[in-house]
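Worksheet: one structure, shown below.
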Amino acid sequence: MKFLTVSQWADKYRMVSKEHSIEPGPWRTSRTPYMKEIMDAINHDDTQNIVVMSGSQVGKTELLLNIIGSHMHQEPSPVMIVEPTLDLAMHFSHGRLSAMVKEVPELSALIGGCHQKHMLTFAGANSAASLSSWPSRIVLLDEIDRYPLGDKEDLISIVIKKSNVFYNRKIVMTSTPAYKGVSKIKAAYENSTMEQWCLPCPSCGEYQPLSWDQMNIKLCSMLCKHCGSSHIENEWRNGNGKWIARKENAKTRGFHISGLASPWVEWEEAFRRFSLAKENGTEELMLWAAMTLGEQWNNHAEFCRKSKMR
Ligand SMILES: [Zn+2]
(Lines give C-alpha, C1' and ligand atoms only; values in the text may rest on other atoms or scores of the structure.)
Protein backbone atom coordinates (compact mmCIF):
# COMPACT_ATOMS: atom_id res chain seq x y z
CA MET A 1 0.00 0.00 0.00
CA LYS A 2 1.34 3.42 -0.95
CA PHE A 3 1.96 5.55 2.13
CA LEU A 4 -0.51 8.41 2.42
CA THR A 5 -0.18 11.64 4.39
CA VAL A 6 -2.82 12.17 7.08
CA SER A 7 -4.96 14.36 4.78
CA GLN A 8 -4.65 11.92 1.85
CA TRP A 9 -5.56 9.05 4.17
CA ALA A 10 -8.59 10.91 5.51
CA ASP A 11 -9.79 11.80 1.99
CA LYS A 12 -9.48 8.18 0.92
CA TYR A 13 -10.75 6.26 3.95
CA ARG A 14 -12.36 8.45 6.57
CA MET A 15 -16.11 8.49 7.05
CA VAL A 16 -17.63 11.08 9.37
CA SER A 17 -20.16 9.52 11.72
CA LYS A 18 -23.76 10.73 11.57
CA GLU A 19 -24.03 10.42 15.37
CA HIS A 20 -21.37 13.06 15.89
CA SER A 21 -21.55 15.44 12.97
CA ILE A 22 -24.05 17.62 11.16
CA GLU A 23 -22.17 16.74 7.97
CA PRO A 24 -21.86 12.93 7.96
CA GLY A 25 -20.36 11.03 5.04
CA PRO A 26 -16.93 10.84 3.42
CA TRP A 27 -14.35 13.22 4.91
CA ARG A 28 -13.32 16.03 2.56
CA THR A 29 -10.23 18.02 3.47
CA SER A 30 -11.38 20.70 1.00
CA ARG A 31 -14.26 21.53 3.38
CA THR A 32 -11.77 22.86 5.96
CA PRO A 33 -8.76 23.70 3.77
CA TYR A 34 -6.83 25.16 6.76
CA MET A 35 -6.61 21.62 8.21
CA LYS A 36 -4.57 20.11 5.35
CA GLU A 37 -1.20 21.60 6.29
CA ILE A 38 -1.80 20.90 9.99
CA MET A 39 -2.64 17.24 9.39
CA ASP A 40 0.30 16.75 7.07
CA ALA A 41 2.78 18.51 9.37
CA ILE A 42 2.83 15.28 11.36
CA ASN A 43 4.31 13.49 8.33
CA HIS A 44 7.28 15.88 8.07
CA ASP A 45 10.46 14.36 9.53
CA ASP A 46 11.70 17.73 10.80
CA THR A 47 8.54 18.54 12.72
CA GLN A 48 8.32 17.23 16.26
CA ASN A 49 5.73 19.47 17.90
CA ILE A 50 2.45 20.76 16.51
CA VAL A 51 0.50 23.46 18.35
CA VAL A 52 -3.07 24.37 17.38
CA MET A 53 -4.71 27.35 19.10
CA SER A 54 -8.21 27.87 17.80
CA GLY A 55 -11.83 28.83 18.29
CA SER A 56 -14.14 26.06 19.40
CA GLN A 57 -15.86 25.11 16.13
CA VAL A 58 -13.07 24.57 13.62
CA GLY A 59 -12.99 20.74 13.41
CA LYS A 60 -10.19 20.13 15.93
CA THR A 61 -11.53 16.75 17.08
CA GLU A 62 -11.64 15.55 13.48
CA LEU A 63 -7.97 16.49 13.18
CA LEU A 64 -7.11 14.24 16.13
CA LEU A 65 -9.27 11.41 14.77
CA ASN A 66 -7.58 11.61 11.36
CA ILE A 67 -4.13 11.45 12.98
CA ILE A 68 -5.16 8.43 15.06
CA GLY A 69 -6.86 6.65 12.14
CA SER A 70 -4.00 7.09 9.68
CA HIS A 71 -1.46 5.84 12.24
CA MET A 72 -3.57 2.84 13.25
CA HIS A 73 -3.94 1.88 9.60
CA GLN A 74 -0.53 2.65 8.14
CA GLU A 75 2.03 3.18 10.89
CA PRO A 76 1.06 1.31 14.05
CA SER A 77 2.66 3.24 16.93
CA PRO A 78 1.83 3.74 20.60
CA VAL A 79 -0.52 6.73 20.72
CA MET A 80 -1.59 8.49 23.92
CA ILE A 81 -4.62 10.76 23.98
CA VAL A 82 -4.81 13.05 27.02
CA GLU A 83 -8.06 14.87 27.76
CA PRO A 84 -8.63 17.33 30.66
CA THR A 85 -10.28 14.55 32.71
CA LEU A 86 -10.29 10.77 32.55
CA ASP A 87 -14.08 10.84 32.11
CA LEU A 88 -13.69 12.99 28.99
CA ALA A 89 -10.97 10.66 27.68
CA MET A 90 -13.23 7.65 28.14
CA HIS A 91 -16.08 9.56 26.52
CA PHE A 92 -13.81 10.27 23.51
CA SER A 93 -12.76 6.62 23.32
CA HIS A 94 -16.27 5.16 23.54
CA GLY A 95 -17.89 7.92 21.51
CA ARG A 96 -16.00 9.64 18.70
CA LEU A 97 -13.19 7.12 18.31
CA SER A 98 -15.42 4.03 18.39
CA ALA A 99 -17.72 5.67 15.84
CA MET A 100 -14.77 6.32 13.49
CA VAL A 101 -13.51 2.74 13.82
CA LYS A 102 -17.02 1.40 13.17
CA GLU A 103 -17.48 3.56 10.05
CA VAL A 104 -14.08 2.80 8.48
CA PRO A 105 -13.90 -0.91 7.53
CA GLU A 106 -10.08 -0.77 7.25
CA LEU A 107 -9.94 0.22 10.93
CA SER A 108 -12.69 -2.17 12.11
CA ALA A 109 -10.67 -5.02 10.63
CA LEU A 110 -7.68 -4.10 12.81
CA ILE A 111 -9.52 -4.03 16.11
CA GLY A 112 -10.18 -7.30 17.84
CA GLY A 113 -8.00 -9.68 15.92
CA CYS A 114 -4.61 -8.29 16.88
CA HIS A 115 -2.85 -6.09 19.38
CA GLN A 116 -3.81 -2.81 17.68
CA LYS A 117 -6.19 -1.60 20.36
CA HIS A 118 -3.46 -1.83 22.99
CA MET A 119 -1.49 0.80 21.11
CA LEU A 120 -3.99 3.46 22.08
CA THR A 121 -3.85 4.83 25.62
CA PHE A 122 -6.49 7.20 26.97
CA ALA A 123 -5.54 9.39 29.88
CA GLY A 124 -7.00 12.24 31.91
CA ALA A 125 -4.87 15.19 32.99
CA ASN A 126 -6.63 14.88 36.38
CA SER A 127 -5.58 11.24 36.84
CA ALA A 128 -2.01 10.41 37.81
CA ALA A 129 -2.64 6.68 37.36
CA SER A 130 -3.84 7.09 33.77
CA LEU A 131 -0.82 9.24 32.86
CA SER A 132 1.75 6.77 34.13
CA SER A 133 1.86 4.34 31.25
CA TRP A 134 4.53 3.15 28.86
CA PRO A 135 6.09 5.66 26.43
CA SER A 136 4.06 6.79 23.42
CA ARG A 137 5.46 7.88 20.08
CA ILE A 138 2.44 10.06 19.35
CA VAL A 139 1.17 12.17 22.24
CA LEU A 140 -2.05 14.10 21.64
CA LEU A 141 -2.72 16.71 24.33
CA ASP A 142 -6.27 17.88 23.72
CA GLU A 143 -7.71 21.06 25.28
CA ILE A 144 -4.59 21.68 27.37
CA ASP A 145 -5.91 24.97 28.71
CA ARG A 146 -8.59 22.95 30.54
CA TYR A 147 -6.01 20.79 32.36
CA PRO A 148 -5.86 21.18 36.13
CA LEU A 149 -2.97 23.33 37.31
CA GLY A 150 -0.49 22.12 39.93
CA ASP A 151 1.40 18.88 40.41
CA LYS A 152 -0.37 17.12 37.53
CA GLU A 153 1.51 19.46 35.16
CA ASP A 154 4.71 17.63 36.03
CA LEU A 155 3.06 14.38 35.02
CA ILE A 156 2.31 15.81 31.58
CA SER A 157 5.98 16.84 31.27
CA ILE A 158 6.95 13.28 32.19
CA VAL A 159 4.63 11.87 29.50
CA ILE A 160 6.34 14.15 26.97
CA LYS A 161 9.84 13.30 28.23
CA LYS A 162 9.13 9.56 28.11
CA SER A 163 8.32 9.82 24.40
CA ASN A 164 12.01 10.77 23.95
CA VAL A 165 12.77 7.08 23.42
CA PHE A 166 11.25 7.49 19.95
CA TYR A 167 13.49 9.45 17.58
CA ASN A 168 10.39 10.19 15.48
CA ARG A 169 8.04 11.23 18.29
CA LYS A 170 5.26 13.74 17.68
CA ILE A 171 3.65 15.91 20.31
CA VAL A 172 0.39 17.56 19.29
CA MET A 173 -1.14 20.22 21.56
CA THR A 174 -4.54 21.66 20.83
CA SER A 175 -6.80 24.03 22.72
CA THR A 176 -9.16 26.92 22.70
CA PRO A 177 -7.22 29.44 24.82
CA ALA A 178 -8.25 30.04 28.43
CA TYR A 179 -10.22 33.29 28.33
CA LYS A 180 -8.18 34.74 31.20
CA GLY A 181 -5.13 33.93 33.30
CA VAL A 182 -2.32 31.64 32.18
CA SER A 183 -2.81 30.08 28.76
CA LYS A 184 -0.51 27.15 28.05
CA ILE A 185 -1.60 26.97 24.43
CA LYS A 186 -0.84 30.67 23.90
CA ALA A 187 2.62 30.23 25.45
CA ALA A 188 3.27 27.19 23.25
CA TYR A 189 2.02 29.05 20.16
CA GLU A 190 4.29 32.00 20.89
CA ASN A 191 7.20 29.56 21.02
CA SER A 192 6.41 28.14 17.56
CA THR A 193 6.36 29.25 13.92
CA MET A 194 3.26 31.35 14.84
CA GLU A 195 1.46 30.63 11.58
CA GLN A 196 -1.72 32.41 10.53
CA TRP A 197 -4.29 31.20 8.00
CA CYS A 198 -4.20 33.90 5.33
CA LEU A 199 -6.65 34.49 2.50
CA PRO A 200 -6.27 36.63 -0.62
CA CYS A 201 -8.32 39.80 -0.86
CA PRO A 202 -10.92 39.19 -3.63
CA SER A 203 -10.17 42.68 -5.00
CA CYS A 204 -6.39 43.12 -4.81
CA GLY A 205 -5.17 39.57 -4.07
CA GLU A 206 -3.03 40.51 -1.02
CA TYR A 207 -2.89 37.72 1.57
CA GLN A 208 -3.99 38.48 5.14
CA PRO A 209 -5.50 36.67 8.15
CA LEU A 210 -9.18 37.09 9.04
CA SER A 211 -8.59 39.79 11.62
CA TRP A 212 -11.12 41.10 14.12
CA ASP A 213 -9.62 44.58 13.69
CA GLN A 214 -10.80 44.67 10.07
CA MET A 215 -14.32 43.33 10.65
CA ASN A 216 -17.31 45.54 9.93
CA ILE A 217 -20.24 44.31 12.01
CA LYS A 218 -22.86 46.48 10.31
CA LEU A 219 -21.91 45.28 6.84
CA CYS A 220 -21.13 41.75 8.09
CA SER A 221 -17.89 41.89 6.13
CA MET A 222 -14.13 42.32 6.41
CA LEU A 223 -12.15 45.22 5.00
CA CYS A 224 -8.90 44.55 3.17
CA LYS A 225 -6.00 46.14 5.02
CA HIS A 226 -4.24 46.86 1.72
CA CYS A 227 -6.90 48.26 -0.62
CA GLY A 228 -9.74 48.94 1.84
CA SER A 229 -12.41 47.06 -0.13
CA SER A 230 -15.13 45.23 1.79
CA HIS A 231 -16.03 41.57 1.22
CA ILE A 232 -18.47 39.16 2.86
CA GLU A 233 -17.43 35.86 4.47
CA ASN A 234 -17.81 33.56 1.48
CA GLU A 235 -15.84 35.90 -0.77
CA TRP A 236 -12.93 35.68 1.67
CA ARG A 237 -13.23 31.97 2.53
CA ASN A 238 -13.53 30.90 -1.11
CA GLY A 239 -10.03 32.23 -1.75
CA ASN A 240 -7.09 29.89 -2.00
CA GLY A 241 -5.77 30.17 1.58
CA LYS A 242 -2.28 29.47 2.84
CA TRP A 243 -0.43 29.39 6.15
CA ILE A 244 2.07 32.21 6.68
CA ALA A 245 4.64 31.89 9.48
CA ARG A 246 5.68 34.84 11.58
CA LYS A 247 8.69 33.15 13.22
CA GLU A 248 11.25 30.52 12.43
CA ASN A 249 11.22 27.38 14.52
CA ALA A 250 12.90 24.23 13.30
CA LYS A 251 10.88 21.75 15.34
CA THR A 252 7.61 23.37 16.38
CA ARG A 253 4.88 24.34 13.96
CA GLY A 254 2.20 26.50 15.55
CA PHE A 255 -1.16 27.29 13.93
CA HIS A 256 -3.84 29.78 14.98
CA ILE A 257 -7.32 29.21 13.54
CA SER A 258 -10.02 31.82 14.08
CA GLY A 259 -13.54 30.44 14.15
CA LEU A 260 -14.30 33.06 11.46
CA ALA A 261 -12.43 30.78 9.00
CA SER A 262 -14.64 27.81 9.86
CA PRO A 263 -17.42 26.72 7.50
CA TRP A 264 -19.56 26.07 10.59
CA VAL A 265 -19.40 29.61 11.97
CA GLU A 266 -21.64 32.21 10.31
CA TRP A 267 -20.24 35.69 10.70
CA GLU A 268 -23.68 37.20 11.25
CA GLU A 269 -24.28 34.82 14.18
CA ALA A 270 -20.76 35.39 15.56
CA PHE A 271 -21.27 39.17 15.44
CA ARG A 272 -24.70 38.83 17.09
CA ARG A 273 -23.10 36.87 19.94
CA PHE A 274 -20.38 39.51 20.20
CA SER A 275 -23.00 42.25 20.71
CA LEU A 276 -24.83 40.11 23.27
CA ALA A 277 -21.61 39.33 25.15
CA LYS A 278 -20.72 43.01 25.17
CA GLU A 279 -24.00 43.82 26.91
CA ASN A 280 -23.23 41.19 29.54
CA GLY A 281 -19.84 42.59 30.55
CA THR A 282 -16.13 42.09 30.27
CA GLU A 283 -15.91 38.41 31.26
CA GLU A 284 -18.55 37.38 28.70
CA LEU A 285 -16.70 39.29 26.01
CA MET A 286 -13.38 37.64 26.92
CA LEU A 287 -15.09 34.26 26.79
CA TRP A 288 -16.56 35.10 23.38
CA ALA A 289 -13.10 36.06 22.04
CA ALA A 290 -11.56 32.82 23.26
CA MET A 291 -14.34 30.55 21.98
CA THR A 292 -14.97 32.32 18.65
CA LEU A 293 -11.67 33.90 17.62
CA GLY A 294 -9.35 31.55 19.53
CA GLU A 295 -7.74 34.66 21.07
CA GLN A 296 -7.12 35.69 24.65
CA TRP A 297 -8.18 39.31 25.19
CA ASN A 298 -6.33 39.72 28.44
CA ASN A 299 -4.29 42.85 27.94
CA HIS A 300 -6.44 45.75 29.14
CA ALA A 301 -5.51 48.28 26.44
CA GLU A 302 -5.83 45.69 23.70
CA PHE A 303 -9.15 44.55 25.14
CA CYS A 304 -10.58 48.09 25.14
CA ARG A 305 -9.52 48.62 21.55
CA LYS A 306 -10.83 45.30 20.27
CA SER A 307 -14.08 45.32 22.18
CA LYS A 308 -15.34 48.62 20.81
CA MET A 309 -18.22 48.25 18.40
CA ARG A 310 -17.00 48.54 14.87
ZN1 LIG B 1 -7.47 44.24 -1.10
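To one decimal place, what Kirkwood hydrodynamic radius in Å is obtained for the chain from all pairs of distinct Cα atoms?
The Cα-based Kirkwood calculation yields 20.3 Å.
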| field | Residues whose placed amide H lies under 5 Å from that of residue 54, excluding near-sequence neighbours | value | 175, 176, 257
| request: Pop a pseudo-label 7 angstrom from the Cα along the beta-carbon direction at both residue 240 and residue 12 and give the gap in nm to one decimal. | output: 2.5 nm
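Could you give the length gained by full extension between residue 308 and residue 90, i.e. 0.36 nm per residue of separation minus their alpha carbon distance, to one decimal place? Display every interim value, and only then the final one.
Working: separation 218, 0.36 × 218 = 78.48 nm, distance 4.17 nm.
Result: 74.3 nm gained on full extension.
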| message | Let me check something: with ligands and nucleic acids excluded, how do 198, 220 order by accessible area (1.4 Å probe), largest to smallest? | response | 220, 198
| Using the alpha-carbon atoms, what tilt in degrees (0 to 90, nearest 10) does helix 60-74 show relative to the longest principal axis of the chain? | 30 degrees
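Can you give the % of DSSP beta bridges in the chain that are antiparallel, to the nearest 5?
On the way: 14 of 41 bridges.
Of the beta bridges lying entirely in the chain, close to 35 percent run antiparallel.
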| said: Quick check: Cα centre of segment 195-260 to Cα centre of segment 12-28, how many Å? | reply: 27 Å
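Checking the table 184/251; 186/251; 180/218; 162/186 against a 20 Å threshold on Cα-Cα, which pairs fail? Write out the running numbers ahead of the final one.
Working: 184/251 18 Å; 186/251 17 Å; 180/218 28 Å; 162/186 24 Å.
Pairs exceeding the cut-off: 180/218; 162/186.
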| request: Would you mind working out the accessible area per residue for the chain, using a 1.4 Å probe, and quoting it in Å²? | output: 46 Å²
| note | Interchain or sequence-distant (5+) residues whose placed amide H lies within less than 5 Å of the amide H of residue 59 are none
| query | Of the residues 59, 205, 69, which exhibits the maximal mean-square fluctuation in a Gaussian network model of the chain defined by a 10 Å Cα contact cut-off? | reply | 205
| task | Using just the helices of the chain, give the 222 nm mean residue ellipticity in deg cm²/dmol: DSSP H runs with n ≥ 4 each add -39,500 (n - 2.57), and the total is spread over all residues, rounded to 500. | result | -9000 deg cm²/dmol
| Estimated inter-spin distance, residue 182 and residue 206, nm [label 7 Å along Cα→Cβ] | 4.0 nm
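Let me have the relative contact order for the chain, percent, based on Cα pairs under 8 Å that are six or more residues apart.
Working: 576 pairs, mean separation 67.5, N = 310.
Relative CO of the chain lands at 22 percent.
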| query | In whole percent, how big is the carbon plus sulfur part of the accessible area of segment 201-240, probe 1.4 Å, protein atoms only? | reply | 46 percent
| message | Relative contact order for segment 221-310: what percent, with Cα pairs under 8 Å and sequence separation of 6 or more? | response | 19 percent
| message | Expected output is a single nm value to one decimal: the length gained when fully extending between residue 248 and residue 266, i.e. 0.36 nm times separation in residues minus the C-alpha distance. What is it? | response | 3.2 nm
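What share of the DSSP beta bridges in segment 110-264 is antiparallel, in percent to the nearest 5?
Values: 12 of 19 bridges.
Antiparallel: roughly 65 percent of the beta bridges in segment 110-264.
Carbon and sulfur: what percent of segment 266-310's accessible surface (1.4 Å probe)? Intermediate values should be presented prior to the final figure.
On the way: 1290 of 2560 Å².
Its accessible area is 50 percent carbon and sulfur atoms.
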| What lysines could a cross-link reach from residue 2, if we take a straight Cα to Cα line under 26 Å and drop same-chain neighbours fewer than 8 places away? | 12, 36, 102, 117, 170
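Provide the gained length on full extension for the span residue 40 to residue 278, in nm with one decimal, where the gain is 0.36 nm per separating residue minus the Cα-Cα distance.
Details: separation 238, 0.36 × 238 = 85.68 nm, distance 3.82 nm.
Going from the current span to full extension adds 81.9 nm.
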| message | Taking 51 Å as R0, compute the FRET efficiency from the Cβ-Cβ separation of residue 301 and residue 109 and round it to 0.05. | response | 0.35
| request: Pick out which of 21, 262, 130 has the largest mean-square fluctuation in a Gaussian network model of the chain, springs linking Cα atoms closer than 10 Å. | output: 21
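Determine the share of segment 6-190's accessible area contributed by carbon and sulfur atoms, expressed in whole percent, with a 1.4 angstrom probe.
On the way: 4490 of 7960 Å².
The value for segment 6-190 is 56 percent carbon and sulfur by accessible area.
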| query | Which residue fluctuates the most in the chain, going by a Gaussian network model with Cα springs under 10 Å, if the choices are 214, 296, 48? | reply | 214
| remark: Check: C-alpha center segment 148-174 vs C-alpha center segment 41-107, spacing in Å is 16 Å
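The values are calculated or read from the model by the stated rules, or taken from the named source; none is laboratory data. Fair warning: this is a prediction, and the values are worked out from it, not measured in the lab. Here the Cβ is made from the backbone with ideal geometry for all residues, glycine too, and neighbour counts use every protein chain on show. Note: areas computed on protein heavy atoms with side chains; ligands, DNA, RNA excluded. Shrake-Rupley method; radii C 1.70, N 1.55, O 1.52, S 1.80 Å.
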